[in-house]
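The values are calculated or read from the model by the stated rules, or taken from the named source; none is laboratory data. Predicted, not measured: the structure shown is a model, and the values here were computed from it. Every residue, glycine as well, gets a Cβ built from its backbone with ideal geometry; the counts of neighbours run over all protein chains shown. Keep in mind that these areas ignore ligands, DNA and RNA; they rest on the heavy atoms of the full protein, side chains included. Shrake-Rupley method; radii C 1.70, N 1.55, O 1.52, S 1.80 Å.
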Amino acid sequence: PVESLVYFFLFPVLLFHSIVRHPLDPQAASGLIGACLCLAASAIALSYSLPWWPWLGRRIDRRDHAAGAQVAFRFNSFIALALAERLAGPQGLALIAVLIGVCVPLFNIGAVWPMVRAADAGRSFGAELLRNPLIIATACGLIANLAGFRLPALLEPVATRIGNASLALGLLAAGAGLQLGSLGSGRLLTVTLLSIKHLAVPLLAALMAWLFALDPLQRSILLAFSAMPTASTCYVLAARMGFNGPYVAGLVTLSTLLGMLSLPFALGVLR
């Protein structure tokens, strides 16, 4: 019941509110958007490609890969917003809001796609997208933001508290579903996915920042964005779609811990 509450109500409110609360200015951050889209496409492609690696592909479970692939490219938007504010104040919030608005819909679609393909025949990718509450919330938030909609002041505290509750309950649900034995059975896949997330993606972000000639503030935001822990919604999405929830819960937990290493690496070494 807690997973259903988080998946169908609390997380959608968090995503919609996170995108709507900060006005998007795509023109002012076109270089950052281009760098982020290239980074996102590279991370998704790298995560998807694992079953076709010559040695690794034969040693990983395809269904676990379908459920866990999202861990290698999704990010925790709550931590991203908090860190951007500490790094650069209102300017940092505005830039991270642009990245959230651009990347959350793309990453949610990328998370659903391999699970639909690995699921039983008869499941439609289009139908899954249309009824996925996380994708609906992010798409509605992006449209509302671009249309200039803002939540009334009276509803702001309510939406904020619902968002905070969603993060707490989402992590509790992931912890309740955690079975460390599930990580042991997929140790090779675990190491590879988390290496992509916390090492390869920050290195790619540094490359994109150089290729797109980002200014110091935009470079810092992109590097912080790349080194974020994965989204706690990964577990909820995998469990609700009938995949190995305990395995993904373990990946989320390890990614949250590894974020304490990848963020200093990205901001202290790569920057």
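If you put +1 on each Lys and Arg Cβ and -1 on each Asp and Glu Cβ, how big is the dipole of the chain around its Cα centre, in Debye rounded to 20? Display every interim value, and only then the final one.
Numbers: 17 positive and 9 negative charges, 77 e Å.
It comes to approximately 360 debye.
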- Taking protein heavy atoms only, a 1.4 Å probe, and rounding to whole percent, the accessible area of the chain owed to carbon and sulfur comes out at 68
- Message: Let me cross-check ARG150: its accessible surface, 1.4 Å probe, with only protein heavy atoms counted, in Å² to the nearest 10?
- Response: 90
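Order of 11-18, 187-194 by packing, highest average Cβ count within 10 Å first? All intermediate terms of the calculation are to be shown ahead of the outcome.
Values: 11-18: 23.5, 187-194: 18.5.
My ranking of the peptides, most packed first, is 11-18, 187-194.
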- Roughly how many debye, to the nearest 20, is the charge dipole of segment 16-74 about its Cα centre, given +1 on each Lys and Arg Cβ, -1 on each Asp and Glu Cβ, and no other charges? 240
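So how much slack lies between ARG59 and ALA153, counting 0.36 nm per residue of separation and subtracting their Cα-Cα distance, in nm?
Working it through step by step, the gained length comes to 28.5 nm.
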- Item | Centre separation in Å (Cα based) which lies between segment 27-64 and segment 204-268 | 12
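Scaled to the compact-protein estimate 2.2 N^0.38 Å, what is the alpha-carbon radius of gyration of the chain, rounded to two decimal places? Walk me through the numbers on the way to the answer.
Details: Rg = 17.6 Å, N = 271, 2.2 N^0.38 = 18.5 Å.
For the chain, the normalised Cα radius of gyration comes out at 0.95.
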- Message: Sequence gap at least 6, Cα distance under 8 Å: using those rules, report the relative contact order of the chain to the nearest whole percent.
- Response: 33
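How large is Rg over Rh for segment 51-140, taking Rg from the Cα atoms and Rh as the Kirkwood inverse mean of 1/r across Cα pairs?
Working: Rg = 16.4 Å, Rh = 15.0 Å.
Rounded to two decimals, Rg/Rh equals 1.09.
Can you tell me the relative contact order of segment 76-163? Whole percent, Cα pairs under 8 Å, sequence separation 6 or more.
Details: 36 pairs, mean separation 18.0, N = 88.
Relative CO of segment 76-163 lands at 20 percent.
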- Lys/Arg Cβ at +1, Asp/Glu Cβ at -1, dipole of the chain taken about the Cα centre: which of MET228, ILE33, LEU50 is farthest positive-ward? LEU50
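Per residue, what accessible area does the chain have, given a 1.4 Å probe and all protein chains present, in Å²? Intermediate results must be reported in sequence, preceding the final value.
On the way: 11770 Å² over 271 residues.
Ligands and nucleic acids excluded, the figure is 43 Å² per residue.
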- Message: For a quick check of understanding: with a 1.4 angstrom probe and all protein chains in place, what accessible area in square angstrom does ARG62 have, to the nearest ten?
- Response: 130
- Give the peptides 34-47, 241-254, 153-166, 83-96 in descending order of average Cβ contacts within 10 Å, highest first. 241-254, 34-47, 83-96, 153-166
